[in-house]
Amino acid sequence: MIELKVNGKMHRVDVEPDTPLLWAIRENVGLTGTKYGCGIAQCGACTVHINGEPVRSCAMQASEAVGKEITTIEGLAANGMVHKVQKAWVDHDVPQCGYCQSGMIMAAVSLLKEKPKPTDADIDAAMTNICRCGTFQQVRAAIHDAAKA
Amino acid sequence: MTFMPQMNRRSFIIGAATATGGLALGIDLPFGSKLAMAQGAAGPEVTAWVVIKPDDTVVIRIARSEMGQGTLTGLAQLVAEELECDWSKVTTEYPTPGQSVARKRVWGDFSTGGSRGIRESNEYVRKGGATARTMLIQAAANEWKVPASECKAENSKITHMPSGRSTTYGKVADAASKIEPPAAASVTLKDPKDWKIAGKGVKRLDTVEKTNGKMIYGTDVVLPNMLNAAIKDCPVFGGKLKSFDEAKVMSMKGVKKVVRVDDSSVAVVADTWWHAKVALDALPIVWDEGENAKVNQASIESWLKEGLDADKAFVGNQNGDVKAAIAGAAKKVEAVYSYPFLNHAPMEPMNATAVYTSDRCEVWTGTQNGEAAFAAVLEASGLPAEKCDVHKIMLGGGFGRRGRTDYVTQAVNIAKQMPGTPIKLIWSREEDMLHGTYHPITQARMVGTFDANNNLTGLSMRISGQSILAGVAPSRMGRDGSDPVVFQGLSPSGDFAFSYSIPNLLIDHAMRNPHVPPGFWRGVNINQNCIYVECFMDELAKEVGQDPLEFRRKLMAKHPLNLAVLNAVADRIGWSKPAPAGVHRGLAHFKGFGSYVAAAAEISVTGGNKIKIHRIVAATDPGHAVNPAQIERQISGSFVYGLSAVFFQENTVKNGRIVEENFDTFDSIRMADMPPVESIVMPSGGFWGGVGEPTICVAAPAVLNAFASATGKRIRSFPLKNHNIAFA
């Protein structure tokens with residue numbers, strides 16, 4: 001039994017310490033917005049924030065996240081207001097199938113925290129998630145737009 | 001099929017809550033999803049396609065599947081256009097295949113592949129909307145005791161023109177649902193030039209839930225008392241499961257059961273999927289790999305190579321006398337190309353959730369073909385249609401893979417061994433990579449001939465390799481055993497017509513079917529056929545010192561729509577003017593899935609092997625453009641799918657199994673490599689072409705032709721990584 005603080009709320013979860021954080025979030029905490037894509041930190045569909053930093057949760061043991069602030073896609077909105085990145089995503093109609101987009105949005109939020117006015121090169125360097133539908137053109141435009149908000 | 005909406009005067013509620021009967025399952029999907037709400041939509045059904053609630057909410061039924069391509073929104077636009085409803089009040093829901101069968105297939109074909117979602121159902125869904133509009137107007141007219149011809153519908157409101165009286169759809173929907181529908185022949189459709197909702201780039205209807213984590217995909221389904229399953233199928237295709245030692249894992253945490261799923265696979269069922277996977281990885285399994293374990297990539301390739309010279313071949317397109325043209329040629333050009341196996345690799349691995357009792361079997365899954373999934377449930381469960389159903393869930397990508405139903409059958413086979421317990425089966429990424437239905441492997445020998453004046457006199461194209469239909473649908477093959485799908489983009493006429501006129505032409509196919517299961521991979525056979533033809537066209541032009549665009553134009557007088565998209569990209573890229581210093585251009589065009597597509601690329605190459613794509617211009621003429629904004633997204637996305645394949649991807653065979661198990665060895669384009677794509681959507685009207693697939697085929701040859709122009713090096717086998725060529 002370990003304690004995880006997800007989106008500001010404590011959860012006691014019955015997992016082995018080496019359970020990937022991704023599966024603890026999905027199956028034990030019950031938040032399914034964070035997706036499984038590869039299990040080896042390649043695709044980024046499972047990206048969450050640990051103390052504000054983007055982390056591929058499929059490759060992090062749940063026990064490593066104990067005592068830290070875990071934020072998932074479900075926790076981005078604050079005080080009933082969607083995050084400016086989520087708004088930009090809707091404005092630009094970014095998602096196609098949408099399966100990678102939770103991770104994509106979490107990566108974009110981190111980028112903007114780090115670099116509020118990112119260049120195209122900054123976006124290229126930070127956004128390493130895979131999208132098989134190929135939404136990158138809209139992702140780039142939405143990030144630039146969110147940077148202006 | 002011909003088909004007209006049927007009336008059903010009963011209030012009709014879709015979803016497991018009413019369909020499960022004795023199972024008392026409920027559609028207990030996670031809360032807050034649009035899907036969960038839509039599944040409970042209640043209100044008078046005006047036609048099979050349209051339900052209108054008293055608050056004027058319009059629920060439009062969508063039979064085809066949404067997997068990112070925008071079909072759900074496009075089909076809703078077409079219904080709404082004819083319905084004359086308020087677009088801001090439109091929601092959608094999926095009818096289930098079981099309900100469709102119970103109502104004599106009132107929603108027609110559910111299959112969503114071949115870029116057919118909109119083009120093959122546009123007419124009857126529009127009639128479903130128009131019929132509903134007529135009935136709503138009639139209901140208002142009846143209430144007012146005035147002729148319907150004096151009433152007009154607009155924006156979900158009906159107005160009696162002479163008196164100015166008005167009412168809303170929500171107020172008359174119940175009465176409308178009891179009216180006899182008009183005769184099918186009396187329902188006329190709008191001229192597309194009068195469209196107000198269709199033809200416009202309206203926002204998708206499914207975006208918000210895809211940005212806040214609430215959209216439910218198959219992997220997210222949660223049912224009461226559900227258990228989770230992880231599966232391993234014999235890694236060698238055609239091999240069998242000999243035995244497994246369940247005693248070794250039964251005491252592991254969370255494990256409930258280890259089950260033989262079928263002849264070749266075993267699954268562990270546990271409280272969580274992670275527990276199931278850990279136990280499965282620890283499970284001792286003995287496979288009977290069979291004869292196929294002797295097959296390797298080299299043996300497949302040499303078998304295909306032999307086919308390039310085989311006597312027996314199926315002819316796909318022929319005119320004139322190619323042999324004579326070759327014999328009498330002043331000049332001859334020859335080249336051999338090849339294209340590898342490719343996994344679809346959708347972001348969401350295959351999965352399905354099934355619950356079985358002796359009296360009922362239901363499945364929740366992302367599928368491109370609800371009816372095929374339904375048929376798989378009937379077969380696997382052994383239960384009749386009225387005791388089964390399939391609930392379609394949003395797909396985390398399809399690309400053709402989810403038109404197959406192997407994962408549905410597996411889920412039912414597992415659930416049957418634990419009656420009453422819902423089982424969610426999720427494949428690991430590795431299982432997904434090893435058990436795809438792969439893009440077929442082919443090679444092609446291209447021979448072009450010229451006369452003394454450098455006119456192209458002949459083209460011979462011998463394809464050797466795999467038939468998809470032989471593996472997937474033998475019943476659709478020719479009586480002689482041929483596979484017409486092989487000739488996509490090369491056919492004499494139709495949706496996949498060859499777009500050049502050449503006096504002597506022979507395109508034929510020596511079928512060679514390796515044991516690796518083939519499938520329809522987004523774009524299907526135009527992907528490699530376009531590379532073969534369009535790269536070779538550049539080779540031919542170079543041989544006679546002609547401009548690639550002018551060389552093509554001379555052969556395209558009888559192909560005006562192909563020429564129009566080719567000219568459009570050439571004009572936009574500035575073909576007639578010199579490229580910027582160090583920048584090189586390439587072109588390609590084709591016809592596929594009823595649409596005309598072209599692309600032009602501007603690239604630079606450093607060190608002879610590092611490609612920077614500066615600019616892509618892509619044009620498509622799909623006849624009618626239902627949502628141009630979504631078409632643009634399909635076009636730009638097609639460059640990700642097509643260029644990922646040509647730069648990075650191949651699946652190779654070693655000891656009968658696929659070598660590449662995850663994205664580390666089967667990479668996909670990321671942001672840094674995404675070229676800027678300018679889309680030109682140029683619907684010429686008069687026909688309905690597909691959108692989701694055609695553009696992929698021109699992505700690779702446009703870039704490959706630019707690379708050849710830059711370096712003088714012609715690449716004829718893929719992916720480019722095997723030639724040490726990469727993105728800069």
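Once both labels are positioned 7 Å from their Cα atoms along Cα-to-Cβ, the gap between B:LYS242 and A:LYS148 label points is 6.6 nm. For the range A:8-17, putting each phi into the Karplus relation 6.51 cos²θ - 1.76 cosθ + 1.60 with θ = phi - 60° gives couplings of x, 10, 7, 10, 8, 10, 8, 10, 5, x Hz, in residue order, rounded to whole numbers and with x for Gly and Pro.
For B:LYS203, B:LYS232, B:LYS190, A:LYS148, give the ranking by accessible area with the largest first, probe 1.4 Å.
On the way: B:LYS203 100, B:LYS232 60, B:LYS190 40, A:LYS148 155 Å².
Of B:LYS203, B:LYS232, B:LYS190, A:LYS148, the descending order of accessible area is A:LYS148, B:LYS203, B:LYS232, B:LYS190.
Going by a ≥ b ≥ c, the root eigenvalues of the Cα gyration tensor, does the range B:550-709 fall in the rounded group (a/c under 1.5), the prolate group (a/b larger than b/c) or the oblate group? Verdict is oblate for the range B:550-709. Approximating the spin labels as points 7 Å out from Cα along Cα→Cβ, the B:LYS152-to-A:LYS87 distance works out to 3.9 nm. Here's the picture: a label point sits 7 Å out from the Cα of B:ASP288 along the beta-carbon direction, and within the range B:641-659 the residues with their amide nitrogen under 20 Å of it are B:656-657.
The residue among B:GLY481, B:ALA619, B:SER604 whose Cα reaches farthest toward the positive pole of the charge dipole of chain B, with charges on the beta-carbon of Lys, Arg, Asp and Glu, is B:ALA619. Available extension along the chain between B:ARG479 and B:ASN455 is 4.9 nm, counting 0.36 nm per residue and deducting the alpha carbon span. If you take the Cα centroid of the range B:262-277 and the Cα centroid of the range B:358-374, the two points sit 20 Å apart. Size check on chain B: the Cα extents along the three principal axes, sorted descending, read 81, 79, 49 Å. Classified by the C-alpha gyration tensor, the range B:412-505 has a prolate form. Its axis ratio a/c, with a ≥ b ≥ c, is 1.5 or above, and a/b is larger than b/c.
Considering only B:ASN351, B:LEU78, B:ILE635, the residue lying farthest towards the positive end of the dipole of chain B is B:LEU78, judged by Cα position with unit charges set on Cβ.
Amide hydrogen proximity for B:VAL50: with H placed 1.01 Å from N in the peptide plane, the residues at 5 or more positions away or on another chain lying under 5 Å are B:ARG61.
Please give the contour-minus-distance gain from B:MET226 to B:VAL315: 0.36 nm per residue of separation, less the Cα-Cα distance, rounded to one decimal in nm. If you can, show how the numbers build up before the last one.
Working: separation 89, 0.36 × 89 = 32.04 nm, distance 5.29 nm.
Extra length available between B:MET226 and B:VAL315 comes to 26.7 nm.
Backbone phi angles across the range B:293-303, fed through the Karplus curve with coefficients 6.51, -1.76 and 1.60 (θ = phi - 60°), yield HN-Hα couplings of 5, 8, 7, 10, 3, 5, 5, 5, 5, 6, 5 Hz in residue order; Gly and Pro are listed as x.
Assuming R0 = 30 Å, what is the FRET efficiency of B:ALA385 and B:ALA183, from their Cβ-Cβ distance, to the nearest 0.05? Don't jump to the answer; show the numbers that get you there.
Details: r = 30 Å, r/R0 = 1.01.
After rounding, the FRET efficiency stands at 0.50.
Label positions at B:LYS331 and B:LYS104, each projected 7 Å from the Cα along the C-beta direction, are separated by 6.5 nm.
Residues with beta-carbon under 11 Å from that of B:GLY370, excluding B:GLY370: net charge, scoring Lys, Arg +1 and Asp, Glu -1? Could the numbers behind the result be given before it?
Details: positive: B:ARG64, B:LYS392, B:ARG402; negative: B:ASP109, B:GLU371, B:ASP389.
Net local charge, B:GLY370 excluded: 0.
When the pairs B:LYS331/B:LYS610; B:LYS157/B:LYS392; A:LYS84/B:LYS203; B:LYS242/B:LYS416 are compared against a 28 Å limit on Cα-Cα distance, B:LYS331/B:LYS610; B:LYS157/B:LYS392 fall above it. Using all pairs of distinct alpha-carbon atoms, the Kirkwood hydrodynamic radius of the range B:87-242 works out to 20.1 angstrom.
Across the options A:THR32, A:ALA88, A:CYS46, the greatest Cα extent toward the positive end of the charge dipole of chain A (unit charges at beta carbon of Lys, Arg, Asp, Glu) belongs to A:ALA88.
In order along the range B:451-460, the Karplus-derived 3J(HN,Hα) couplings, from 6.51 cos²θ - 1.76 cosθ + 1.60 at θ = phi - 60°, round to 8, 5, 9, 6, 8, 6, 9, x, 9, 10 Hz, and Gly and Pro are given as x.
Using just the alpha carbons, could you tell me how many Å³ per residue the convex hull of the range B:615-728 encloses? Mind dumping the intermediate values first?
Details: hull volume 16.0 nm³, N = 114.
Value for the range B:615-728: 140 Å³ per residue.
Determine the shielding of peptide B:275-286 by partner chains: average, over its residues, the number of Cβ atoms on other chains within 10 angstrom of each Cβ.
Taking all residues of B:275-286 together, the mean is 1.
Net charge of the neighbourhood of B:VAL677, taken over other residues with C-beta under 13 Å away and scored Lys/Arg +1, Asp/Glu -1, is 0.
Close amide H partners of B:PHE666, meaning residues 5 or more places away or on another chain with modelled amide H under 5 Å apart, do not exist here. At the listed q of 0.05, 0.11 Å⁻¹, the Debye profile of the protein assembly as shown, built from one uniform point per Cα, gives log10 I(q)/I(0) equal to -0.28, -1.37.
If amide hydrogens are placed 1.01 Å from N in the peptide plane, which non-local residues have theirs closer than 5 Å to the one on B:GLY519? Excluding prolines and chain starts, which carry no amide H, the hits are B:TYR438, B:HIS439.
The values are calculated or read from the model by the stated rules, or taken from the named source; none is laboratory data. Everything numeric in this text was worked out from a predicted model, so none of it was measured. Neighbour counts are summed over all protein chains in view; Cβ atoms, including those assigned to glycine, are modelled from backbone coordinates with ideal geometry. For the accessible areas, the whole protein counts, side chains as well, though only heavy atoms, and no ligand, DNA or RNA atoms are used. Shrake-Rupley method; radii C 1.70, N 1.55, O 1.52, S 1.80 Å.
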